[in-house]
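The values are calculated or read from the model by the stated rules, or taken from the named source; none is laboratory data. Computed from a prediction, not measured in an experiment: that's the story for all the values here. Ideal geometry is used to build each Cβ from the backbone, glycine not excepted, and the neighbour counts take in all protein chains shown. Surface accessibility is based on the protein's heavy atoms, side chains included, excluding ligands, DNA and RNA. Shrake-Rupley method; radii C 1.70, N 1.55, O 1.52, S 1.80 Å.
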Amino acid sequence: MARWSPQRKKKAWYNFLFGGYYAFFIVFIYGPMIAMFILSFQGRRGGTTFPMRGASLYWWNKLIEPSSVGDMQGALGRSLILAIIVMLITALFSTMLAMAFRKKFWGSGVLFYTIILFYTVMAGLMMPGILLSLGLAVLLKQMGIPTAWWSSGLGVHVVWTLPFGFLVMMAVFNRFDSTLEEAARDMGASEWTVFKEITLPLVTPGIVAAGLFGFTLSYDEFARTTLLSGQYN
């Protein structure tokens, strides 16, 4: 039986440590959700802590009973529609914004580092969601504009998700090989043909990632929505 070399032992030990860290990370992320799923099968006197008090489908029946199914369906439908719209807008505008900075133009450095990077990206990421929601709600009230999930709610979600999509697309274009586009132009392809046949297929995974960022962040966001989704949403 062959003995392991010191390098193989060291590599196996590293793999074990990283595997254990990954397992701990998965449990840390999904453990609370799994615990709540298990606790949902206890009796009507059960709470949100262990040990469980009986076993039944009482809380699942409460979730889908006729008195509450309309509200649940409405909330779920509005959340999904809003998240899909935000996903499309985030994917489109983050791609357009990242493409705009591929080539240098007059004032591009000042525009990127001061206006785009700080006010659009950093401010959107650092601003607490409830403060942004409160500020926009007060502003809309002063202007006499009613709040609704498809107007003010949509706007605050895009402000929140667009920086993430923009950062994803900037990373994609920073690693993009522009010589492929130049080769297509040398062969007589128009700018639209270059974009449709060369650029778009290569950056599609990044566009999908930006869109998924928008969908996930929008569907999960409550603090920025609570004051801007309208009175009955």
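Couple of notes before you dig in:
- Residue within region 171-191 that is in contact (Cβ under 8 Å) with a residue 60 or more places away in the chain and farther than 27 Å from Lys103 by Cα present: no
- Qualifying residue in region 161-174 (condition: open to solvent by 80 Å² or more (accessible area, probe 1.4 Å), within 24 Å of Gly206 (Cβ to Cβ) and either modelled with pLDDT of 80 or more or in a helix (DSSP H, G or I) (or both)): yes
- Given (1) open to solvent by 100 Å² or more (accessible area, probe 1.4 Å); (2) touching a residue at least 12 places away in the same chain (Cβ under 8 Å), number of the condition Phe18 does not satisfy: (2)
- Residue that is surrounded by the fewest Cβ atoms within 10 Å (Cβ to Cβ) [pool: residues in region 139-153 that are among the polar types (S, T, N, Q) and in a loop (DSSP other than H, G, I, E, B)]: Ser151
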